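I have placed the structure first, in the form of structure tokens, so that the comments after it can refer back to it.
The values are calculated or read from the model by the stated rules, or taken from the named source; none is laboratory data. Because the structure is a prediction, the values reported are computed rather than measured. Heads up, the Cβs are rebuilt from the backbone with ideal geometry, glycines too, and the neighbour counts pull from every protein chain shown. When the accessible area is computed, the model is the full protein with side chains, heavy atoms only, and any ligands, DNA or RNA have been set aside. Shrake-Rupley method; radii C 1.70, N 1.55, O 1.52, S 1.80 Å.
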Amino acid sequence: MQSNKARWLTLLTVAAIFFGVTVAIGLAIVPEPRTPTDHLVIGTIATLVALAAVFVMIITTIYKGSDNFVRRRPKPGDQVPVDSDETPNT
């Protein structure tokens, strides 16, 4: 089991790699000469991809439950599940 610091460091490293790869792809796609607006668009898209990667990695690694976004109502007659210390309070 990884420590908490190592997990966050891995998460940030992967996000930085996604950012760098997306910037490299954007610079390869956009032809020369590039204007400041081109650099702004490339950086914005790279930031969006890096944030999406961080979001997906956090949801799949830290919050592993199937009810991250929606909690189902219990059917009549079922026992109400009790929150544990591992699930975040919402």
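Quick grid of which residues meet (1) at pLDDT 80 or above; (2) assigned to a helix (DSSP H, G or I); (3) touching a helix residue (DSSP H, G or I) at 6+ places or on another chain (Cβ under 8 Å):
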| position | (1), (2), (3) |
| --- | --- |
| Thr22 | yes, yes, yes |
| Pro33 | yes, no, no |
| Val49 | yes, yes, yes |
| Gly65 | no, no, no |
| Asn68 | no, no, yes |
| Gly77 | no, no, no |
| Asp85 | no, no, no |
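Here region 3-39 is the region considered, the condition is being among the polar types (S, T, N, Q) and within 28 Å of Ile58 (Cα to Cα), and the residue that is least open to solvent (accessible area, probe 1.4 Å) is Thr22. Here Ala53 clears all of (1) in a helix (DSSP H, G or I); (2) open to solvent by less than 90 Å² (accessible area, probe 1.4 Å); (3) modelled with pLDDT of 90 or more; (4) of a type outside the set (Val, Ile, Thr) except the condition numbered (3).
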